[in-house]
Amino acid sequence: PLHVTCDPEQLHQVFVNLLLNGMDAMPDGGKLTIEIRRFGSPAAQNCEVSIVDQGSGIPAQLLDHVFEPFVSTKSRGTGLGLAISRRLVEEHGGRLSASNRADSGAEFTVRLPCLAEVDAEVEERSSA
């Protein structure tokens, strides 16, 4: 398990926003993938959660601006969801990034610091 210090309601809002955006990016259907990774040194563990869609990707001219307020690829979007999501992730000591996949679609990645001490305690208890 991965443990982070966070406000669960705020991170819930971030992930719901990213998942809904991913589904909206695939109006004709497709696969939405969630990838979870842990990396870093034992003293500085980080975890990443990536949301990957099979849509058309983010237009190149918007990729560097997608987290700015009022920037949206949706005709009815306010352009605030990703800006708010990035702010919430940064308030938790993390980072939210966006990229286009080589094969198709977009990938949004939330990187947060993990609590290595809690992970060690949990692993120790589960092996006893």
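Quick test for you: out of Lys74, Lys31, pick the one residue that is closer than 22 Å to Ser104 by Cβ, in contact with a helix residue (DSSP H, G or I) (Cβ under 7 Å, 6 or more places away or on another chain) and of a type in the set (Lys, Arg). Among Lys74, Lys31, only Lys74 is closer than 22 Å to Ser104 by Cβ, in contact with a helix residue (DSSP H, G or I) (Cβ under 7 Å, 6 or more places away or on another chain) and of a type in the set (Lys, Arg).
Looking across segment 72-82, just one residue is within 16 Å of Leu19 (Cβ to Cβ), without any contact (Cβ under 8 Å) to a residue 60 or more places away in the chain and open to solvent by less than 60 Å² (accessible area, probe 1.4 Å), and that is Gly77. The residue that is surrounded by the most Cβ atoms within 10 Å (Cβ to Cβ), among those in segment 56-71 that are touching a helix residue (DSSP H, G or I) at 6+ places or on another chain (Cβ under 9 Å) and under 23 Å from Leu112 (Cβ atoms), is Val66. Output yes when any residue across segment 94-105 is within 11 Å of the chain's Cα centre (by Cα) and in a helix (DSSP H, G or I), and no when none is. There is no residue in segment 94-105 that is within 11 Å of the chain's Cα centre (by Cα) and in a helix (DSSP H, G or I).
Being open to solvent by 60 Å² or more (accessible area, probe 1.4 Å) and modelled with pLDDT under 95 is the filter here, so list the residues in segment 101-128 that pass it. Within segment 101-128, Arg101, Ala102, Asp103, Glu117, Glu121, Glu123, Glu124, Arg125, Ser126, Ser127, Ala128 meet the criteria. For segment 25-33, the criterion of being under 17 Å from the mean Cα position of the chain (by Cα), modelled with pLDDT of 95 or more and either of a type in the set (A, V, I, L, M) or surrounded by 16 or more Cβ atoms within 10 Å (Cβ to Cβ) (or both) is met by at least one residue. Given the conditions (1) modelled with pLDDT of 90 or more; (2) surrounded by fewer than 18 Cβ atoms within 10 Å (Cβ to Cβ); (3) among the aliphatic types (A, V, I, L, M); (4) more than 15 Å from Gly105 (Cα to Cα), report the number of the one that Leu88 does not fulfil. So the condition that Leu88 fails would be (2). When Ser85, Ser97 are screened for being in contact (Cβ under 8 Å) with a residue 12 or more places away in the chain and in contact with a Ser or Thr (Cβ under 7 Å, 6 or more places away or on another chain), only Ser97 passes.
Among residues of segment 17-34 that are more than 16 Å from Val49 (Cβ to Cβ) and without any contact (Cβ under 8 Å) to a residue 24 or more places away in the chain, those with a Cβ under 6 angstrom from a residue that is open to solvent by 50 Å² or more (accessible area, probe 1.4 Å) and of a type outside the set (Val, Ile, Thr), sequence gap 6+ or separate chain, pair up as Lys31/Gln54. Among the residues of segment 36-55, is there at least one that is among the polar types (S, T, N, Q), open to solvent by 40 Å² or more (accessible area, probe 1.4 Å), assigned to a loop (DSSP other than H, G, I, E, B) and touching a residue at least 60 places away in the same chain (Cβ under 8 Å)? No: segment 36-55 contains no residue that is among the polar types (S, T, N, Q), open to solvent by 40 Å² or more (accessible area, probe 1.4 Å), assigned to a loop (DSSP other than H, G, I, E, B) and touching a residue at least 60 places away in the same chain (Cβ under 8 Å).
The values are calculated or read from the model by the stated rules, or taken from the named source; none is laboratory data. Given the structure is predicted, the values throughout are model-derived calculations rather than measurements. For neighbour counting, all protein chains shown are included, and Cβ atoms are generated from backbone atoms with ideal geometry for every residue, glycine included. These area figures cover heavy atoms from the full protein model, side chains too; ligands, DNA and RNA do not enter into them. Shrake-Rupley method; radii C 1.70, N 1.55, O 1.52, S 1.80 Å.
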